[in-house]
Amino acid sequence: MDTVNILERLVENYQVLVYFFIFLGLIIEGEFILISVGILLHLDALGLYPAVVFIFLGLLSKTILGYYLGSYIHIRWNHTKFLKHIEKRVLSVVPHFQQKPFWSIFISKFIVGANNIVIIFSGYQKVAFKRYLEAEFSSTLIWAPALVSIGYLFSLTAIHISREIWRFSFIILVLIVLFIIFDRLVGWIYEIFEEFYHDAQ
């Protein structure tokens, strides 16, 4: 019977590649990568300190690249209809972005799929770079450890139920789906709150 030891050995044999994927993955995505790191840390397949270094480098690169990509988009395609549509969509998620950019950037970190667009939007809107970094770093200090811890707990839960690789993977998948549903629900409630708050002003 195949056990999770196969996964541990596979990651240990290709650790350099795994760390590279963590770095690259965090630039493109965030939640799933950090949860996966937490799972691999629980299985002792990754070292804590190298994982922290690559998480830091990946998130720092994403923060800087995303901002400057937004600035570049503003210079090149500021007046296109498509970008005006995207701008309206972003403002529907964080309607007080222009009045309260710090809190909009901070809160977007905790809404799955929102932060990537808000990072780029920050550069597009020319938010003061220092203020932008303060919001990104302060939210990341909570968000990144929280997601790694969630991954750790998911792995702990799954391994108590089964060490068989396919059952373990299925349990992890179910837990991740439930997490995404919960996060989406919180994001939806936040959007409704923002809409009512905005209408009350």
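The values are calculated or read from the model by the stated rules, or taken from the named source; none is laboratory data. Note that the structure is a prediction, hence the values are computed from the model and not measured. FYI the Cβ positions are ideal-geometry reconstructions off the backbone, even for glycines, and counts take in every protein chain you see.
Some observations on this one:
- Counted residues, the stretch 10-48 - those being within 13 Å of the chain's Cα centre (by Cα), under 18 Å from S155 (Cα atoms) and of a type in the set (D, E): 1
Residues checked against (1) aliphatic (A, V, I, L, M); (2) at pLDDT 90 or above; (3) surrounded by 11 or more Cβ atoms within 10 Å (Cβ to Cβ); (4) in contact with a helix residue (DSSP H, G or I) (Cβ under 9 Å, 6 or more places away or on another chain):
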| site | (1), (2), (3), (4) |
| --- | --- |
| Y152 | no, yes, yes, yes |
| I161 | yes, no, yes, yes |
| I165 | yes, no, yes, yes |
| I176 | yes, no, yes, yes |
| Q201 | no, no, no, no |
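- Residue count for the stretch 94-108, restricted to those that are closer than 19 Å to I189 by Cβ, surrounded by fewer than 24 Cβ atoms within 10 Å (Cβ to Cβ) and either aromatic (F, W, Y) or within 16 Å of the chain's Cα centre (by Cα) (or both): 4.
- Residue count, the stretch 49-89 (criterion: among the hydrophobic types (A, V, I, L, M, F, W, C) and over 19 Å from the mean Cα position of the chain (by Cα)): 6
- Taking the criterion of being in contact (Cβ under 8 Å) with a residue 40 or more places away in the chain, in a loop (DSSP other than H, G, I, E, B) and either closer than 28 Å to V37 by Cα or touching a strand residue (DSSP E or B) at 6+ places or on another chain (Cβ under 6 Å) (or both), the residues of the stretch 89-147 that qualify are F110, I111, V112.
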